[in-house]
1. Report the relative contact order of segment 1-94, percent, no decimals, based on alpha-carbon pairs under 8 angstrom and at least 6 residues apart.
2. Taking the Cα centre of each part, how many Å lie between segment 95-157 and segment 4-77?
3. Using mean Cβ contacts within 10 Å as the protection proxy, how do 55-67, 112-124 order, highest first?
4. Could you check how many percent of all C-alpha pairs in segment 5-76 are farther apart than 21 Å?
5. Taking Rh as the Kirkwood radius, which is the inverse of the mean 1/r over Cα pairs, what is the Rg/Rh value for the chain?
6. Pop out the carbon and sulfur fraction of the accessible area of the chain as a percent, whole number, probe 1.4 Å.
7. Report the rotationally averaged projected area of segment 28-112 based on its alpha-carbon convex hull, in square nanometres.
8. Given the DSSP H assignment, sum -39500 (n - 2.57) over each helix run of at least 4 residues in the chain and divide by its residue total; what's the result at 222 nm in deg cm²/dmol, nearest 500?
Amino acid sequence: MRFSTKAITTCAVLAALALALSYLEAFFPPLLPLPGVKLGLANIVTVYALYALGASSALAILVVRCLLGSLFAGNASSLLFSLLGGLAAMLVMIALHALPRLSVYGVSVGGAAAHNCGQVAAAMLTLGSAAPLAYLPFLLLVSVFTGALTGFVAALLFRAMRHARAK
């Protein structure tokens with residue numbers, strides 16, 4: 001498969017944007033004072049890329065963001081959490097995106113829930129225990145709200161892009 005220069009450049013810019021949003025989010029006070037609860041601003045870029053560029057480009061952007069984010073953070077364990085969460089989310093979003101009646105909101109909420117499942121799996125691997133499973137119901141509840149917010153912002157972005165093209 002060959003990618004055009006424009007496609008590669010677009011992916012690079014979106015990967016940089018996702019990385020910047022992920023980094024920026026670290027400066028926000030936590031939504032709740034509990035581990036693992038974040039808005040997931042970088043996922044706006046992932047959802048946008050899935051719809052605008054397709055699954056392979058969105059997956060490439062996600063992997064680059066995870067690898068560079070862990071490299072910049074200097075934290076090898078964050079790579080496991082980021083990749084397992086991100087890949088689970090991407091696989092679910094690709095499957096949900098194929099359903100014709102499901103909106104970007106549903107795809108985003110499904111991705112957020114899958115991301116939390118992937119991160120709980122990473123925690124179980126790291127700890128060697130099933131104890132993190134007890135935290136999963138709470139994370140899934142939060143993912144409904146964070147996924148809906150991500151879907152909302154992505155929908156606004158699609159609308160803005162349609163208006164920009166119309167002018």
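The values are calculated or read from the model by the stated rules, or taken from the named source; none is laboratory data. Small disclaimer: the values here were computed from a predicted structure and weren't measured. Virtual Cβ from ideal backbone geometry, glycine too; neighbours counted across all protein chains shown. To get the accessible areas, we keep the full protein, side chains included, count just its heavy atoms, and leave off ligands, DNA and RNA. Shrake-Rupley method; radii C 1.70, N 1.55, O 1.52, S 1.80 Å.
1. Result for segment 1-94 is 27 percent.
2. First find each Cα centre; the distance between them is then 15 Å.
3. By packing density, highest mean first, the sequence is 112-124, 55-67.
4. Summing the P(r) of segment 5-76 above 21 Å gives 28 percent of all pairs.
5. With Rh from the inverse mean 1/r over Cα pairs, Rg/Rh is 0.97.
6. Carbon-and-sulfur percentage of accessible area, whole number: 74.
7. 5.8
8. -26500 deg cm²/dmol
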